[in-house]
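Since the structure comes first, as structure tokens, the remarks are kept for the end.
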Amino acid sequence: MTGPDTIETPTATVHREEADNYDRIILQVNDALRIIECKDGIQWIGQHRAGQRAGEPRWRSAWYHRTSSTLEAACQRSGAVLSDEQRAVIAALPSICGSRT
């Protein structure tokens with residue numbers, strides 16, 4: 001999935017969920033909030049930017065969801081206003097994390 005609100009995977013990605021260049025970023029909601037898929041592929045995680053580590057932004061996990069139907073509301077509870085494009089990214093996710101449907 002690509003679009004104006006998605007992150008293209010950089011060439012040097014890492015597998016630490018807190019890293020700014022984590023390799024499973026689903027949606028960069030804004031400068032302070034993003035949604036990732038966990039390293040085991042079983043849940044989506046909402047993360048808030050939480051300072052820096054070694055000069056790079058660091059992310060702190062704030063909420064966890066297995067179903068895509070709850071992600072939009074979780075973003076709104078975090079204070080985010082989603083664009084139509086961001087809603088479309090969430091709508092295109094499988095209904096359950098890790099499934100194909």
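The values are calculated or read from the model by the stated rules, or taken from the named source; none is laboratory data. Predicted model only: the values in this text are computed from it and were never measured. Using ideal geometry, Cβ is built from the backbone for each residue, glycine included, and neighbour counts are taken over all protein chains shown.
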Conditions (1) closer than 12 Å to Gln43 by Cβ; (2) loosely packed, with under 12 Cβ neighbours inside 10 Å; (3) not small (Gly, Ala, Ser); number of the one not met by Cys97
(2)
Members of the range 67-86 found to be assigned to a helix (DSSP H, G or I) and among the hydroxyl-bearing types (Ser, Thr, Tyr), listed by number:
Ser68, Ser69, Thr70
Can you spot a residue in the range 57-66 that is in a helix (DSSP H, G or I), at pLDDT 95 or above and more than 22 Å from Val14 (Cβ to Cβ)?
no
Identify, by number, the condition in (1) at pLDDT 90 or above; (2) over 24 Å from Pro94 (Cα atoms); (3) small (Gly, Ala, Ser) that Ala12 doesn't meet.
(1)
Criterion first (out of contact with any Cys (no Cβ under 8 Å at 6 or more places or on another chain) and either surrounded by 15 or more Cβ atoms within 10 Å (Cβ to Cβ) or among the acidic types (Asp, Glu) (or both)) does Arg24 satisfy it?
no
Taking the range 67-86, which residues are modelled with pLDDT under 95 and among the charged types (D, E, K, R)?
Glu72, Arg77
As an exercise: evaluate Gln52 against (1) at pLDDT below 90; (2) part of a helix (DSSP H, G or I) and give the number of the one condition it does not meet.
(2)
Quick check on the range 17-30. Is at least one of its residues β-branched (Val, Ile, Thr) and in contact (Cβ under 8 Å) with a residue 60 or more places away in the chain?
yes
